[in-house]
Amino acid sequence: MTAGAGRMGLTSPPFLQLGTHVSIRGGLALALERGEVLGCGSVQIFSHSSRTWAAPVISEQEIRAFVSRHRESSVGPVLMHASYLVNAATSDPDKRRKSAAALREDWLLANRLGVYGLVLHPGSAAGQTDPAAISRSAEMVRETVDLATGGSTRLLLENTAGGGRTLGRDPETMKHLVDQVNRPEKVGLCLDSCHLLAAGAEIRTPLSYEKVVSAWSGAAGTAGIRAWHLNDALFERGSGRDRHAHIGKGAIGLWFFWKLLEDPRFRGVPMVLETPKTDDIREDRLNLAILKRLSRQETFRPDDPEIVDCLAELETVA
Ligand SMILES: [Zn+2]
Ligand SMILES: [Zn+2]
């Protein structure tokens with residue numbers, strides 16, 4: 001038996017937590033089915049359209065259907081992404097009221113569904129200083145997670161690509177935010193690989209990978225890095241542009257993903273794709289196949305025929 005096989009036999013294989021963002025079209029429970037078809041160990045969903053304020057009321061029946069389906073599902077932890085419209089840092093009273101209400105709805109729903117983590121971008125500092133924006137964002141996050149729900153969802157703050165005045169492009173800002181929220185048992189970080197590179201972090205060599213991961217782990221403190229978004233980056237390091245690419249097809253390349261999948265600090269941590277896809281799920285299948293293959297490699301082998309085939313097939317999709 002190889003050392004790798006032994007390790008896999010003793011602990012749950014890291015790919016069990018691998019998954020992708022799935023649609024809730026037709027009902028929340030169908031998201032789980034979509035994840036199962038793809039062999040996902042975790043999935044991410046939106047509670048409703050990510051770009052409108054109007055949230056349809058989700059019926060008691062639909063919530064119950066999701067919870068009971070999840071109990072029997074091979075899909076483990078579920079992430080829910082909060083609406084992109086929520087700006088927890090805004091100083092505009094009207095936008096603040098709307099943001100707080102939308103975030104509260106998502107938080108309550110996530111807890112009722114038994115969602116593992118509600119992912120939130122920390123907000124934009126436009127029109128104010130960074131420290132003021134951080135305080136405002138921390139206040140809204142704290143007020144949200146302090147709502148009694150009886151659930152165990154964590155609110156996961158996501159690092160950003162660094163465009164405009166968005167908060168969360170660097171570990172220092174995130175540390176201030178996490179510290180000010182001061183609820184390490186209710187929050188955590190969700191790191192997006194594309195956003196790391198876009199915001200200027202070098203994650204493609206062993207030494208720099210370690211530096212970056214240590215810095216972000218330090219920022220998270222006991223709140224922890226609780227989830228990953230696995231996306232390659234369409235643009236070069238430091239672009240500030242939030243454009244995701246297929247795994248191995250962007251500026252990040254395969255090595256980082258291999259390294260992350262074998263990093264014992266993230267064993268069991270949900271990792272979901274947010275890579276481009278059409279209605280077809282072929283793209284998801286290919287990206288997941290590459291990640292699963294990498295997760296089984298004891299040493300990095302980008303020339304693995306299965307990976308080479310998947311990369312070639314990704315050439316043919318949108
Ligand atoms: Zn993301
Ligand atoms: Zn992104």
How many angstrom separate the Cα center of the stretch 105-181 from the Cα center of the stretch 299-318? 36 Å
Rounded to the nearest 0.05, what FRET efficiency is calculated for Ser208 and Ser68 with R0 set to 35 Å and r the Cβ-Cβ distance? 0.15
Choose one of Gln61, Val308, Gly27: the residue whose Cα lies farthest towards the positive end of the charge dipole of the chain (beta-carbon charges +1 Lys, Arg; -1 Asp, Glu; about the Cα centre). Gln61
Determine ³J(HN,Hα), in whole Hz, for all residues of the stretch 56-67 in sequence, where each value follows from phi through the Karplus function 6.51 cos²θ - 1.76 cosθ + 1.60 and θ = phi - 60°; x replaces Gly and Pro. x, 5, 9, 6, 3, 4, 5, 5, 4, 4, 5, 4
Residues Ala148 and Val317, FRET efficiency given R0 of 35 Å [Cβ-Cβ distance, rounded to 0.05]: 0.15
Surface/4 estimate of mean projected area, convex hull on alpha-carbon atoms of the stretch 55-202, nm²: 9.4 nm²
Ranked from highest to lowest mean number of other Cβ atoms within 10 Å per residue, what is the order of the peptides 200-206, 133-139, 40-46? 40-46, 133-139, 200-206
Under a GNM of the chain (C-alpha, springs under 10 Å), which listed residue has the highest mean-square fluctuation: Ser208, Ser91, Ser99? Ser208
Top of Gly26, Gly268, Gly188 by mean-square fluctuation, Gaussian network on the chain, Cα under 10 Å: Gly26
Just how large is the dipole of the stretch 15-314 about the Cα centre, in debye to the nearest 20, putting +1 at every Lys and Arg Cβ and -1 at every Asp and Glu Cβ? 460 debye
Could you state the orientation-averaged shadow area of the convex hull built on the Cα atoms of the stretch 100-173, in nm² to one decimal? 5.1 nm²
Here the relative contact order (percent) of the chain, from C-alpha pairs under 8 Å and at least 6 apart, is 15 percent
Ordered by residue, what ³J(HN,Hα) values in Hz, to whole numbers, does the stretch 297-302 give under the Karplus form 6.51 cos²θ - 1.76 cosθ + 1.60, where θ = phi - 60° and Gly and Pro are x? 8, 6, 10, 5, 10, x
What value does the stretch 15-314 have for Rg/Rh, both radii from Cα atoms and Rh as Kirkwood defines it? 0.95
Could you pull out every residue, at least 5 positions away or on a different chain, whose amide H is within less than 5 Å of the one on Ala245? Hs are placed 1.01 Å off N in the peptide plane, and Pro or chain starts have none. Asp232, Ala233, Leu234
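Just so you know, all these numbers are worked out from the coordinates, no wet-lab data involved. Owing to the predicted nature of the structure, the values given are computational and were not obtained by experimental measurement. All Cβ positions, glycine included, derive from the backbone under ideal geometry; neighbour counts span all protein chains shown.
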